Amino acid sequence: MHRIVRYLRRSRSAVLHPTQFLALMLIADEQPIRIGEIAARVPCSQPTATTTVAALEEAGLVRREPDPVDGRATAVVLTEAGATTVADSGRQAAEELDKLLHRLTPEERTQVLQAGDLLDRIARDL
């Protein structure tokens, strides 16, 4: 499983550090999200999360805005370019995974997809 994830990460066209990529995906799923929450969920240190968000902001993929719950705090959200990057990454990962699956027999593909469903169910219970 780790080899497949590494392969998919290496094959993506975006030039993002793995921590930036993970943070971008998290922001897409959880926006608006505070930097402290990004640090806890990626996981990484608070300074690393701050640096990561700054790099994503400089690349035009995210922006900071007042937290809707507590206007004194800052939250991070995707920009349009960030949303496009997330969509493109997902599409590219799906295409790469499809290439890998087509190396298998139809029966093996079915087994892999069933195993994926089971792993997804287990992951949701964590």
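The values are calculated or read from the model by the stated rules, or taken from the named source; none is laboratory data. If you're wondering where the values come from, they're calculated on a predicted model, not measured in any experiment. So basically every Cβ, Gly included, is an ideal-geometry build from the backbone, and we count neighbours across all protein chains shown.
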All but one of (1) in a helix (DSSP H, G or I); (2) surrounded by fewer than 15 Cβ atoms within 10 Å (Cβ to Cβ); (3) modelled with pLDDT under 95 hold for L8; which doesn't? (2)
Those residues that are closer than 26 Å to I33 by Cα and in contact (Cβ under 8 Å) with a residue 60 or more places away in the chain, I need them from segment 88-126; list them, please. D88, S89, Q92, A93
Could you go through segment 28-38 and let me know if any residue there is touching a residue at least 12 places away in the same chain (Cβ under 8 Å) and surrounded by fewer than 16 Cβ atoms within 10 Å (Cβ to Cβ). yes
Residue list for segment 85-126, filter: over 30 Å from V62 (Cα atoms) and basic (K, R): K99, R103, R109, R121
Which condition number in (1) in a helix (DSSP H, G or I); (2) within 14 Å of the chain's Cα centre (by Cα); (3) modelled with pLDDT under 95 is the one that R3 fails? (2)
Given (1) touching a Gly at 6+ places or on another chain (Cβ under 9 Å); (2) surrounded by fewer than 17 Cβ atoms within 10 Å (Cβ to Cβ); (3) part of a helix (DSSP H, G or I); (4) small (G, A, S), where does A49 come up short, assuming only one miss? (2)
For A81, which of the numbered conditions (1) loosely packed, with under 11 Cβ neighbours inside 10 Å; (2) part of a helix (DSSP H, G or I) fails to hold? (1)
Looking only at segment 58-74, decide whether some residue is part of a helix (DSSP H, G or I), in contact with a Gly (Cβ under 8 Å, 6 or more places away or on another chain) and closer than 16 Å to P18 by Cα. no
Does L104 fit the bill of being surrounded by 12 or more Cβ atoms within 10 Å (Cβ to Cβ) and at pLDDT 85 or above? yes
Going through segment 11-31 one residue at a time, which ones are of a type in the set (D, E, K, R) and at pLDDT 85 or above? D29, E30
Which is more than 13 Å from I27 (Cα to Cα), in contact (Cβ under 8 Å) with a residue 24 or more places away in the chain and among the β-branched types (V, I, T), of T52, T48, T85? T48
Restricted to segment 29-46 and to residues being part of a helix (DSSP H, G or I) and among the small types (G, A, S), the residue nearest to L16 (Cα to Cα) is A39
